Amino acid sequence: MSNFEEQDYTKQLDVSLWIKLFNIIKAYRKELFLLIALMVLLAGADAVFPLMSKYAIDTFIVKGDMGGFALFAAGYMGLVVVQALVIYGFLMNSGNLECKVVHQIRKVGFKKLQELSFSYYDNTPVGWIMSRMTSDAQRIGDVIAWSFTDLIWGPAIIILVAINMFILDAKLAIAAMLVFPLLALASFHFQRIMLKNHREVRKMNSKITGAYNEGINGARTTKTLVREDKNFEEFENLSGGMRKASIKAATVSAIYLPIVISLGSIAVGLVLWQGGGRVRLNLITYGTYSVFIAYAMQIFEPIQQIARVLSEFQSAQASAERTLTLLETEPDIVDSEEIAAIYGDSVNPKPENWPAINGDITFENVSFNYKTGEKVLEDFNLHIQAGEKIALVGETGAGKSTIVNLICRFYEPSSGSILIDGVDYRKRSQIWLQSNLGYVLQSPHLFSGTVADNIRYAKLDATDEEVEAAARTVSAYDFIMELEKGFDTQVGEGGGRLSSGQKQLISFARAIIADPKIFVLDEATSSIDTETERMIQKAVDIVLKGRTSFIVAHRLSTIRSCDRILVISEGRIKESGSHRQLMRRRGEYFNLYTNQFKEEQSNRLLQAEPEKKAL
Amino acid sequence: MITFKNFFRMLKGNRIYYIGAIIMTGLSVLMSMIPPLIIKATVDSILGGIPLEAPAFVNDLIEAVGGMSTLSANIWICSLAIVAVTALNGVASYFKGRWTAVGSENIAKTLKDTLYDHLQRLPYDYHVKAQTGDLIQRCTSDVDTIRRFIAGQMVEAAKIVFIFIFSVSIMISMNMSLTFVTIAIIPFIFIFSLIFFKKITASFKLADVKEGELQTVLQENLSGVRVVRAFGRQRLEVDKFEEKNSSFRDLSIASIGNMAVFWGVSDLLCMAQIGLVLLLGIRDTLAGEMSLGSLLVFNTYAAMLIYPMRQLARIIGDMGRMGVSIGRVYEIINEKLEEDTPGAGEHPLDGDIVFENVNFSYEQSSPVLKDLSFEVKAGETIAVLGSTGSGKSSLMHLFLRLYDYQSGSLKIGGVELRDISKRWLRENIGLVLQEPFLYSKTVIENLRMAKFDADNEEIFDAAKTAAVHDVIKSFEHGYETIVGEKGVTLSGGQKQRVAIARTLIKNSSILIFDDSLSAVDAETDSRIRAALRERRAGVTTFIISQRINTLMEADRIFVMEQGRLSDSGTHKELIGRDGLYSRIWNIQSLDEELES
């Protein structure tokens, strides 16, 4: 898990990383160029305003002549309008760029996520992926658009101002820029410290959030252990640490700004002093004098900006790195080009070329191990005839799920092969197989949307009649019609508004609507009330008829009616046969079954009497 | 207004920092007003020869350095003055920053501490019903909204007010009519900003909603990845996500468009106004109504004054948000704490337990325990069997006074339970919950929770009893392994065993296992029970379980049905009569009939 820790920033600015990122978003070259143009224009206007004052002072005030004043006024106001338009324009453009970059990263990322194999999902927490796709993507867009904007403006205005000053009076320009290196040094130095402090504060902050999380979730246990005082003591340590870190960070900022403005004031002082002498000697005009003073007063700002922006790039680097890791991950299971050309891929399937599936499945010397090296199956052989009903029984970690995942081609064998209707399934596309699967999960997963949307998920062009028929088949029709809006009822996020039995039935309807040839059922372990269980059992019997089916079995009733029961242990088939045969053998299955039976019966007794849970 | 009162209550103890910070703000603003005046003096009086109009102390100061002639020959003195004044400004602004930080961080810490402590001491029932996510949000992001306001915006607003006061009074002394022109725009900019910030906030809210939808699609796609793949619906998912993704993009662009209009227009207004001041200033200067230096001052002050007005509008807008946050935070703080009965004391708990017609119900719901009467001898082991909702857990909660019964009498060693302090009860009765909570600390720290001075021997001993010592030893870092997301994830059964060991360490007079072996396999279960029997001699014990092997070993078995004690007795007695217990016994002891 340590790979997924949030902290740890890289220390140095990694230019190649940012180039890679710019590559991803090179589609927005137009916005980038426009951004550069607008920022140079903005810097230009910023540099020109003091020159306007100079002109006014030298032409009107010093000479005492109002000729051309109206034209000047018009020109000045014209420049104001241009400046305002540039401001509007660059905000629009950078905003556009930001949103488009974020959109693009998310789009590419989401598509990648649809291609990545299960091995990726097994090892990557959903929360980690969520953060990359939401906050990190946003951060990158933010930095690329806005920090880049400032990064253009800063140097542009420094260069323009410097050019102006040198043209007007080189000596005075040097005086004005004498503090430049010091300013730059101070800015970069402080930005670095501030970045570090900021991280410290953020780290403390997430610890405090963690403490609240624990304090609130563990409140009941805390009470039974009378831990309130101790916990509070520990929390006070954290909140005290947070206060200390925050005050430290704020204090450094409070030192930084005075230093920068003081250094800036040295520039103003130098200009005032040297310029005053030069005005007296008539080397420069009052107007020029005023320009230099104006420039000196704002000279520290762009430097400060550049320092800030560079540290922003540095701090966003961790986001960029992690997001690139996601974007650059290659899926383990890929269809070869020739195969994708014939059968299509997940995004552009070509169902017209798909051969029909019968449902005959063979494992030929299949071995499978996880990336970590952990061996799950070795030399596994199994033949399942089309239409056979198979139950997989065994302890957690015995390999039941792996067998099912291999059949679905969520994983591929490390060696050996799996044949469907006599053909190695790697010679067909993933989407071909997966479009012919019916799949019901242990904990049913529904998507936001209506009940009908969810049933239609497996057959997008299903008519209302088909949807209703599927619901009827699994006895879900009646309860659906009792819902507020029938099939048009919103199921709520993650199906939160329905009971788990109801969700299960809807997922059955979804699984059969496309009439799949192969059916996988991962039964629920958690106990459901008897009534629901009865209905689900009925649904299962109907659903499995005429399909090759695999049941990772937990419920006895399902097991008993299977054609073949495989007891899996340590990646091997330990016992195989019908319920009757295996019970007679009095082996592992017998033990498993009797234990389960006892437990189930007791549960039933203990659950039967309170008010019946509504289905 | 309650918000307002709460706000001042919150500042208590730190007001001195804020008063200091506001004084420093004023000082810093005042200092920032001076350099333009020095420039004016240099331009007008030193270079231009206009007699200096300055307050007496400034004239005295000039005399002290040798009068105007010295200044004229050494303009660097003026430069030095600018640097000195700016440095003073820097010192003032440092203290402003530092004191605001100390004040606001103190307040934030107090708020956080109060919230944490308060939450811990709220009644058990509050936490049963609590919505964790919402509570955490109040404690973190709402507190942060408040902190940001008092750390920055409050003082920022004071700064803008100071700028207004100082610059306007200086400008009036130079050119009254031009001053009024300068400030004429302020109300317009202010109102314009106020309206626009509202609009921008609204448009960002729209985008936020869309972003929420986008996150939902993403979340559902990731957690439902099996379903997506099993039905080959990648294409649909990509389209679904793209729909949200692009409409979020478009809404964001629209709100940034609003922002661009706002900044464009307000900058236009500000710059045009500054331009107007310059143009009118030139006219006035030419007419001899003001000096060139004054013109430069006006130009600088106008910029200092006009731009921040937009900020002031924004701060006022944010004040509303802070008010909402204060309300949400104080909703928790004003929640009533768990209280003990007055006069409740510490009494020995190793006596007999007597229930007489005890009735209990949760707030305004149907009775959970009805007329419960029974006696338990000290040192007895009682097993409790009951269906879900039969009231068995509620019964156990009564012992620790996590809830108080409404009527009847419950005595331990002859003392009414209500007269025994809650703290005492919880310290001396060990209760293991069915889904115990482990803290994300090391295993040994978790074990030491209930008795922080326990030595390693005691801890290992308890862990051995709970059959978890070897499990812990097998971890890479043994007892120093961190539990939870950041370390080793324990299985449900392992958690239960750690929780049992944790409870055993504190040598209680009464031990309660609330179905706390449910996730442990039958074999380990019986090992733990055997070890417990040895250990807990003389300790009154309650074990809630559904396993017949566990139940039958107890001295007596209580069968609970619908809030009543429907039957009680030894295993032998109970299997002899028809009832829930004998039915369960029949099921769990049968073997042969299964082969059919």
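Some points to look at:
- Some residue of segment A:95-110 being more than 8 Å from chain B (Cβ to nearest Cβ) and not in a helix (DSSP H, G or I): no
- A:ASN23 being of a type in the set (S, T, N, Q), surrounded by fewer than 18 Cβ atoms within 10 Å (Cβ to Cβ) and either in contact with a helix residue (DSSP H, G or I) (Cβ under 9 Å, 6 or more places away or on another chain) or on the phi < 0 side of the Ramachandran plot (or both): yes
- Of everything listed in (1) more than 30 Å from A:PHE72 (Cα to Cα); (2) surrounded by fewer than 20 Cβ atoms within 10 Å (Cβ to Cβ), the single unmet condition for B:PHE180 is (1).
- Counting residues in segment A:419-430 that are under 30 Å from the mean Cα position of the chain (by Cα) and either within 14 Å of chain B (Cβ to nearest Cβ) or modelled with pLDDT of 85 or more (or both) gives one or more.
- Checking each residue in segment B:236-253 for being more than 7 Å from every other protein chain (Cβ to nearest Cβ) and either of a type in the set (Gly, Ala, Ser) or not in a helix (DSSP H, G or I) (or both) picks out only B:SER247.
- Flag if B:LEU47 is crowded, with 16+ Cβ neighbours inside 10 Å and either among the basic types (Lys, Arg) or assigned by TED's automatic domain parsing to the domain that holds B:GLN153 (or both): yes
- Among (1) more than 8 Å from every other protein chain (Cβ to nearest Cβ); (2) buried (at least 18 other Cβ atoms within 10 Å of the Cβ); (3) within 51 Å of the chain's Cα centre (by Cα); (4) closer than 17 Å to A:VAL291 by Cα - the single one A:GLY44 does not satisfy: (2)
- Considering only residues in segment B:91-101 that are within 7 Å of chain A (Cβ to nearest Cβ) and buried (at least 21 other Cβ atoms within 10 Å of the Cβ), the one that is nearest to the chain's Cα centre (by Cα) turns out to be B:ALA101.
- Residue, modelled with the highest pLDDT, within segment A:491-500, restricted to residues that are outside any helix (DSSP H, G or I) and within 12 Å of chain B (Cβ to nearest Cβ): A:VAL491
- For segment B:270-293, filtered to residues that are in contact with an Asp or Glu (Cβ under 8 Å, 6 or more places away or on another chain) and of a type outside the set (A, V, I, L, M, F, W, C), the residue that is surrounded by the fewest Cβ atoms within 10 Å (Cβ to Cβ) is B:SER291.
- Residue match in segment B:153-163 (condition: touching a Phe, Trp or Tyr at 6+ places or on another chain (Cβ under 7 Å) and within 30 Å of A:THR134 (Cα to Cα)): no
- Filtering segment B:401-415 to residues that are surrounded by 22 or more Cβ atoms within 10 Å (Cβ to Cβ) and within 14 Å of chain A (Cβ to nearest Cβ) leaves B:ARG401, B:LEU402.
- Test result for B:VAL143, surrounded by fewer than 21 Cβ atoms within 10 Å (Cβ to Cβ), not charged (D, E, K, R) and not in a loop (DSSP other than H, G, I, E, B): no
- When A:THR221, A:THR209 are screened for being surrounded by 18 or more Cβ atoms within 10 Å (Cβ to Cβ), facing chain B (nearest Cβ under 7 Å) and of a type in the set (S, T, N, Q), only A:THR221 passes.
- Condition check for A:VAL81: within 12 Å of chain B (Cβ to nearest Cβ), surrounded by 15 or more Cβ atoms within 10 Å (Cβ to Cβ) and modelled with pLDDT of 95 or more: no
- Residues that are in contact with a Ser or Thr (Cβ under 8 Å, 6 or more places away or on another chain) and either under 16 Å from A:ASP379 (Cβ atoms) or without any contact (Cβ under 8 Å) to a residue 12 or more places away in the chain (or both) within segment A:554-570 comprise just one, A:LEU566.
- Residues located in segment A:433-448, provided they are part of a loop (DSSP other than H, G, I, E, B), more than 7 Å from every other protein chain (Cβ to nearest Cβ) and in contact with a helix residue (DSSP H, G or I) (Cβ under 9 Å, 6 or more places away or on another chain): A:SER443, A:PRO444, A:LEU446
- If you go through segment B:535-552 and keep only what is over 47 Å from the mean Cα position of the chain (by Cα) and more than 14 Å from chain A (Cβ to nearest Cβ), you end up with nothing.
- Of the residues making up segment B:510-543, those that are at pLDDT 90 or above and either outside the structural domain of B:TRP424 (by TED's automatic domain parsing) or not aliphatic (A, V, I, L, M) (or both) number 4.
- Of all residues in segment B:416-432, those that are within 10 Å of chain A (Cβ to nearest Cβ) and free of Cβ contacts under 8 Å to residues at least 60 places away in the same chain have Cβ atoms under 9 Å from Cβ atoms of residues that are crowded, with 21+ Cβ neighbours inside 10 Å and assigned to a helix (DSSP H, G or I), 6 or more apart or on another chain, in B:ARG426/A:LYS223; B:ARG426/A:THR224; B:ARG426/A:LEU225.
Okay, residues lined up against (1) surrounded by 14 or more Cβ atoms within 10 Å (Cβ to Cβ); (2) in contact with a Ser or Thr (Cβ under 8 Å, 6 or more places away or on another chain); (3) under 30 Å from A:TYR295 (Cα atoms):
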{"site": "B:TYR307", "(1), (2), (3)": "yes, no, yes"}
{"site": "B:GLY317", "(1), (2), (3)": "yes, yes, no"}
{"site": "B:ILE326", "(1), (2), (3)": "yes, yes, no"}
{"site": "B:GLY343", "(1), (2), (3)": "no, no, no"}
{"site": "B:GLU346", "(1), (2), (3)": "no, yes, no"}
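- Helices (runs of 4 or more DSSP H) wholly inside segment A:201-308 that include at least 3 residues being touching a residue at least 40 places away in the same chain (Cβ under 8 Å): A:228-280, A:286-298
- Against the list (1) buried (at least 20 other Cβ atoms within 10 Å of the Cβ); (2) modelled with pLDDT of 90 or more; (3) outside the structural domain of B:GLY538 (by TED's automatic domain parsing), the condition B:VAL358 fails is (3).
- Counting only residues that are touching a residue at least 60 places away in the same chain (Cβ under 8 Å) and either over 19 Å from A:ALA296 (Cα atoms) or facing chain A (nearest Cβ under 9 Å) (or both), segment B:276-305 holds 12 of them.
- Failed item in (1) part of a helix (DSSP H, G or I); (2) farther than 21 Å from A:ILE261 by Cα, with B:TRP99 passing the rest: (2)
- Among the residues making up segment A:501-531, those that are at pLDDT below 75 and within 32 Å of the chain's Cα centre (by Cα) are A:GLU523, A:ALA524, A:THR525, A:SER526.
- Selection count where residues are at positive phi and more than 34 Å from the chain's Cα centre (by Cα), scope segment A:364-418: 5
- For beta carbons closer than 9 Å, sequence separation of 6+ or different chains, a first residue in segment B:118-132 that is without any contact (Cβ under 8 Å) to a residue 12 or more places away in the chain and under 17 Å from B:LYS422 (Cα atoms) and a second that is part of a helix (DSSP H, G or I) and aromatic (Phe, Trp, Tyr), the qualifying pairs are B:GLN120/A:PHE232; B:GLN120/A:PHE235.
The values are calculated or read from the model by the stated rules, or taken from the named source; none is laboratory data. Every value quoted in this text rests on a predicted model; they were computed, and no experiment measured them. Cβ: placed from backbone, ideal geometry, glycine included. Neighbour counts: every protein chain shown.
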